Amino acid sequence: MKGFAMLGIGKVGWIEKQAPQCGPLDAIVEPLAVSPCTSDIHTVWEGAIGDRHDMILGHEAVGRVVEVGSLVKDFKPGDTVIIPAITPDWSSIEAQAGYSMHSGGMLAGWKFSNFKDGVFGELFHVNEADGNMALLPEGVDIVSACMLCDMMPTGFHGVELAQVTFGDDVCVIGIGPVGLMAVAGAALHGAANLFAVGSRPKCAEVAKEYGATDIINYKNGDIVEQIMEKTKGKGVDKVIIAGGTVDTYAQAITMLKPGGRIGSVNYLGSGDYVKVPRVEWGCGMGHKVIASGLMPGGRLRMEKLAALVQHKRVDLSKLITHRFDGFDNMEKALLLMKDKPKDLIKPVVVL
Ligand code: NDP
Ligand code: ZN
């Protein structure tokens with residue numbers, strides 16, 4: 001079968017591979033719609049997780065089940081399914097401890113385009129199908145559903161990590177598709193003032209639609225000063241980080257009230273250290289918590305988030321600014337995520 005792959009750091013192209021084999025608990029799926037991710041860009045062009053050779057890219061797909069293993073109970077060939085970007089080993093000790101995303105080792109619940117071929121192939125393999133796939137609910141289209149694989153669960157995980165509660169003043173740093181989902185999630189969790197940091201006008205417009213009360217442009221001056229001015233010097237209760245660099249954490253800590261929490265889902269592709277500013281961290285006594293993580297993945301979470309979309313609590317179609325038809329457009333769609341033109345939020349390729 002053919003697949004669009006990372007050939008090595010900084011290199012992508014089409015390759016031929018053996019079709020994946022189905023184990024007793026697994027499924028083989030044919031993609032119907034896929035979306036490239038900023039994480040694919042960190043992986044290929046920044047070499048953020050190390051070198052990978054001839055590994056098919058992609059971890060966001062809605063697909064049709066082609067084959068299931070003999071022990072799979074709830075899915076059959078022909079089913080249309082959403083596959084989360086993170087597909088843990090549910091029987092692992094890490095999953096039993098509540099950290100499914102780290103099943104088998106740090107970040108090892110993230111298998112597609114990390115430890116095995118991803119979803120930009122003619123077929124792909126899903127481990128533990130009963131635990132890692134969800135049926136596409138009625139009324140949710142496959143293009144919007146692609147945003148359920150990673151963008152919505154990751155943005156919402158930022159909200160969970162920050163523990164946003166009713167009446168909190170919240171700042172979301174970064175309003176690409178992940179940050180926009182954090183804005184939508186924070187609004188659902190009862191944020192009062194909801195500051196959104198970004199510069200691209202299309203993202204700013206959609207952030208407002210998802211519930212942002214103010215847009216802060218980091219290109220127009222220090223974001224801490226802008227937040228402090230808008231909060232009369234008090235700062236915010238919660239910060240969600242979904243963009244920026246290793247230096248963004250110092251800004252987040254500085255704009256946080258004592259007792260505040262940072263929920264970070266950013267994938268740091270470069271830089272060696274995250275610095276914590278001593279004084280702004282209350283000389284170590286400020287009760288300012290940094291919680292950061294990969295989203296948990298799995299079926300239950302996917303079904304619950306899909307239900308939110310089905311019942312029209314969140315409109316995912318706002319994230320999709322570019323639609324392509326046909327596998328041949330894979331490279332064009334991926335390069336859009338690399339170049340980030342002003343009118344881009346997310347591209348989807350329908351197959
Ligand atoms: P985008 O690149 O589309 O968005 C990044 C956002 O950060 C943009 O709004 C950008 O602004 C803003 N930004 C850039 N530099 C700065 C800065 N110096 N200060 C403040 N804001 C800045 O990324 P995505 O939304 O696609 O993804 C966000 C991150 O989440 C990525 O690192 C991605 O790899 C990661 N991720 C993590 C996952 C997890 O499970 N933890 C899963 C999926 C993704 P501008 O408007 O100028 O572009
Ligand atoms: Zn992704």
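Annotations
- Listed conditions (1) touching a Leu at 6+ places or on another chain (Cβ under 7 Å); (2) open to solvent by 50 Å² or more (accessible area, probe 1.4 Å) are all met by TYR218, apart from (1).
- In this structure, SER113 does not satisfy being in contact (Cβ under 8 Å) with a residue 12 or more places away in the chain and closer than 13 Å to ILE28 by Cα.
- Qualifying residue in segment 271-282 (condition: within 16 Å of ligand 1 (Cβ to nearest atom) and open to solvent by 70 Å² or more (accessible area, probe 1.4 Å)): yes
- As a summary of the residue check, ALA85 satisfies the conditions (1) within 16 Å of ligand 1 (Cβ to nearest atom); (2) assigned to a helix (DSSP H, G or I) except for the one numbered (2).
- Every condition in (1) at pLDDT 95 or above; (2) more than 13 Å from ligand 1 (Cβ to nearest atom); (3) open to solvent by 20 Å² or more (accessible area, probe 1.4 Å) is met by GLY286 except one, and the failing one is (3).
- Condition check for GLY244: in a loop (DSSP other than H, G, I, E, B), away from ligand 1 (no atom under 14 Å from the Cβ) and at positive phi: no
Rundown of residues vs (1) in contact (Cβ under 8 Å) with a residue 60 or more places away in the chain; (2) part of a helix (DSSP H, G or I); (3) in contact with a strand residue (DSSP E or B) (Cβ under 9 Å, 6 or more places away or on another chain), yes/no style:
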residue	(1), (2), (3)
ASP74	no, no, yes
PRO77	no, no, yes
SER91	no, no, no
LEU107	yes, no, no
MET147	yes, yes, yes
GLY158	yes, yes, yes
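- Residue match in segment 63-72 (condition: more than 16 Å from ligand 1 (Cβ to nearest atom) and free of Cβ contacts under 8 Å to residues at least 24 places away in the same chain): no
- Test: residue in segment 5-14 that is touching a helix residue (DSSP H, G or I) at 6+ places or on another chain (Cβ under 6 Å) and within 13 Å of ligand 2 (Cβ to nearest atom): no
- Residue, nearest to the chain's Cα centre (by Cα), within segment 106-148, restricted to residues that are open to solvent by 10 Å² or more (accessible area, probe 1.4 Å) and among the aromatic types (Phe, Trp, Tyr): TRP110
- Across segment 39-56, the qualifying residues are those that are within 23 Å of VAL348 (Cα to Cα), open to solvent by 10 Å² or more (accessible area, probe 1.4 Å) and acidic (Asp, Glu), and the one among them that is farthest from ligand 2 (Cβ to nearest atom) is ASP54.
- Residue that is least open to solvent (accessible area, probe 1.4 Å), among those in segment 93-105 that are without any contact (Cβ under 8 Å) to a residue 60 or more places away in the chain and hydrophobic (A, V, I, L, M, F, W, C): ALA95
- Residues (buried (at least 20 other Cβ atoms within 10 Å of the Cβ) and more than 16 Å from ligand 2 (Cβ to nearest atom)) located in segment 23-38: LEU25, ASP26, ALA27, ILE28, VAL29
The values are calculated or read from the model by the stated rules, or taken from the named source; none is laboratory data. Since this is a predicted model, take the numbers as computed values, not measurements. All Cβ positions, glycine included, derive from the backbone under ideal geometry; neighbour counts span all protein chains shown. Ligands, DNA and RNA are excluded from the accessible area calculation, which covers all protein heavy atoms including side chains. Shrake-Rupley method; radii C 1.70, N 1.55, O 1.52, S 1.80 Å.
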